Amino acid sequence: MKMVIIAGTPGSGKTSVLMHAIKNLQDLGLRAAVVKVDCLWTEDDARIKRLGVPVRVGLARDMCPDHYSIYNTEEMISWASSEGADVLLNETAGLCLRCAPYPDRALAVCVIDVTSGPNTPLKIGPLLTTADVVVATKGDLVSQAEREVFRERVVEVNPGCRIVEANGLTGKGSRELADIIRDSRDIEGEMLLRHNPPLAVCTLCTGELRTAKKHHRGVLRHLDGFTEYVGE
Amino acid sequence: MIITIKGGFDKDGLPECVRSVDVSSGEVIGIVGPTGSGKSSLISDLEQFAQGDTPSRRYVLIDGFPPDPEIRHDPRRKPVAQLSQNMHFLADMSVREFISMHARSRGRDPGLLSKVLEMANTLTGEPVHADDNLTELSGGQSRALMVADIAVISDSPIVLIDEIENAGIRKKEALRLLSGEGKIVLVVTHDPLLALMTERRIVMRNGGMAKVINTTDEERRFCDSLFRVDTWLLSLRELIRRGEVLSATEAVI
Ligand SMILES: Nc1nc2c(ncn2[C@@H]2O[C@H](COP(=O)(O)OP(=O)(O)O)[C@@H](O)[C@H]2O)c(=O)[nH]1
Ligand SMILES: Nc1ncnc2c1ncn2[C@@H]1O[C@H](COP(=O)(O)OP(=O)(O)O)[C@@H](O)[C@H]1O
Ligand SMILES: [Mg+2]
Ligand SMILES: [Mg+2]
Ligand SMILES: [Zn+2]
Ligand SMILES: [Zn+2]
């Protein structure tokens with residue numbers, strides 16, 4: 001079985017691109033199963049179910065949605081195998097830019113919206129820099145020059161990635177993405193993350209509500225960038 | 001270079017009436033048809049060098065063969081410049097920064113900026129300056145800058161244009177600058193002047209290429225008067241923008 005992580009900021013077009021890619025995977029004779037992870041609520045499962053593929057939702061609630069996704073990797077895989085899937089597609093919530101929920105053997109796809117401007121690739125961090133495939137959406141809304149400048153910025157931060165120009169409305173680029181998924185390797189054995197996620201490192205991570213500095217312990221960073229360990 | 005469009009299927013899944021169209025270097029071809037008839041989709045098939053993998057299932061060949069997959073997937077190697085329907089830039093930066101960055105991405109000299117500005121300013125009555133913010137340009141200024149950027153920086157052998165009318169720029173001049181020398185040009189248009197400047201036009205209907213019309217000599221005779229009307233309209237527009245009152249002398253074309 002193959003595993004694909006589809007990450008990217010909310011509204012970037014993950015579900016739209018994913019749905020077109022599923023149709024192309026079906027044309028290629030591959031059976032897909034989808035896990036949608038979100039924080040509190042999602043309606044993506046209803047959209048995807050219309051394609052007749054098995055869909056499962058995981059809500060992370062107060063856990064970092066990417067940590068939650070990583071923690072549940074094994075469960076997702078065993079569920080997808082029990083559904084007889086050839087490809088497990090996991091759409092992430094895409095809210096935490098510190099985390100990149102990409103296991104090394106999975107195909108890491110970062111969906112990014114070109115209308116967010118040419119400086120966005122510099123802001124996204126490991127989500128973009130450790131991806132195998134970068135899907136640039138909404139190119140229909142900008143000029144060719146803007147698409148090219150955007151692409152240049154993506155290559156600057158992730159020189160080895162494959163860039164797919166896709167359109168979530170028309171399905172442009174989805175066949176290319178489906179081909180890349182078909183040609184990706186199978187997952188097997190133990191998987192490692194590509195990028196270490198920040199774990200619970202401070203009192204805020206574990207539920208402290210008071211804002212005053214004196215209540216906080218752990219590895220903490222000040223506005224001026226100074227980082228210190230506060231505590232025993 | 002010859003580009004061949006191999007007909008696919010229309011929105012009802014029926015084979016397109018036009019089974020094959022060849023376009024050679026130096027030709028300007030129009031694409032006409034009502035809204036929703038598939039004009040932008042045809043342009044998009046050309047831009048992607050479709051290989052039966054778009055909704056129309058068309059094939060686009062270069063000199064009779066499918067293009068190298070590398071060319072399809074790397075826009076920097078694609079011999080295509082495209083002016084899309086968008087009337088505005090979204091990137092939040094100055095004209096200088098953006099054009100220099102685009103020049104670098106295409107491996108061109110960032111110093112071409114002054115040439116781009118000079119050309120843009122021949123197309124619009126409202127001058128574009130290097131330090132203007134892209135997002136603050138008017139529709140006319142943005143279109144003029146997009147045209148000049150394509151003519152100077154992109155400078156590709158295939159040029160795809162999705163409507164240059166309605167932006168208040170000198171469209172005949174814009175089409176001339178975009179066409180350059182010996183390029184393959186496909187232009188979507190509802191504008192009689194632009195449509196008659198082409199050698200042939202593809203008529204779109206229900207997502208398919210319905211027929212190809214050769215511009216007749218009789219039609220070409222319209223061109224001069226259409227051009228005069230167009231120049232007249234632009235000059236009136238300019239007078240009104242400047243806050244002037246039109247007088248009877250302006251009523252003569
Ligand atoms: N114009 C345009 N809109 C798009 C494109 N891709 C997605 N959208 C729209 O963007 C919105 C968010 O898309 P969605 O797939 O739900 O994003 P997600 O939150 O990342 O899953 C929807 O309204 C889509 O119709 C695209 O390529 N072009
Ligand atoms: N041959 C085709 N097969 C299926 N769908 C098509 C075809 N041609 C166009 N469409 C669809 O029809 C809609 C309108 O097409 P578009 O190219 O935007 O038209 P126009 O530019 O002429 O207004 C789009 O959603 C497009 O995906
Ligand atoms: Mg979604
Ligand atoms: Mg259109
Ligand atoms: Zn996180
Ligand atoms: Zn914390």
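None of the figures in this text is laboratory data; all of them are computed from the coordinates on show. All of these numbers come straight from a predicted model, not from anything done at the bench. Glycine also receives a Cβ, built like all others from the backbone with ideal geometry; neighbour counts cover every protein chain displayed.
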With θ taken as phi - 60° and the coefficients 6.51, -1.76 and 1.60, list the Karplus ³J(HN,Hα) couplings across the stretch A:135-150 in order, rounded to whole Hz; mark glycine and proline as x. 9, 9, 9, 6, x, 5, 9, 10, 6, 4, 4, 5, 4, 5, 5, 4
Once R0 is set to 30 Å, what does the formula 1/(1 + (r/R0)^6) return for the Cβ-Cβ distance between B:Asn206 and B:Thr231, expressed as a FRET efficiency to the nearest 0.05? 0.25
Expected unfolding gain across A:Arg61-A:Arg210 under the 0.36 nm per residue rule, minus the alpha-carbon gap, is 51.6 nm
Using the Cα gyration tensor of chain B, with a ≥ b ≥ c the square roots of its eigenvalues, what is the shape: rounded (a/c below 1.5), prolate (a/b larger than b/c) or oblate (neither)? oblate
Going residue by residue through the stretch B:18-29, the Karplus relation 6.51 cos²θ - 1.76 cosθ + 1.60 with θ = phi - 60° gives ³J(HN,Hα) values, rounded to whole Hz and with x marking Gly or Pro, of 7, 8, 7, 10, 9, 10, 10, 3, x, 8, 10, 10
Prolate/oblate/rounded label for chain A (Cα gyration tensor, a/c 1.5): oblate
Measure off 7 Å from each Cα along the Cα-to-Cβ vector at B:Phe9 and B:Glu250, then give the distance between these two points in nanometres to one decimal. 5.5 nm
Can you list residues from other chains, or at least 5 along the same chain, whose modelled amide H is less than 5 Å from the amide H of B:Arg205? B:Ala210
Inside 10 Å of the C-beta atoms of B:49-60, what's the mean count of C-beta atoms belonging to other chains? 2
Long-range HN-HN contacts of B:Glu16 with modeled amide H, under 5 Å: B:Gly8, B:Phe9, B:Asp10
Rough spin-label spacing in nm, given labels placed 7 Å along Cα→Cβ, for A:Arg105 and A:Leu30: 1.6 nm
The distance between the Cα centres of the stretch A:170-226 and the stretch A:32-87, in whole Å, is 17 Å
Derived scalar couplings ³J(HN,Hα) [the stretch A:72-77; Karplus, 6.51 cos²θ - 1.76 cosθ + 1.60; whole Hz; x for Gly, Pro]: 9, 3, 4, 5, 4, 5
Calculate the mean, over all residues of peptide A:156-168, of how many other protein chain Cβ atoms lie within 10 angstrom of the residue's Cβ. 1
Amide H neighbours of A:Thr42 at under 5 Å, excluding residues fewer than 5 places away on the same chain, with H built from the backbone geometry, are none
Average partner chain C-beta neighbours within 10 Å, per residue of B:203-211? 0
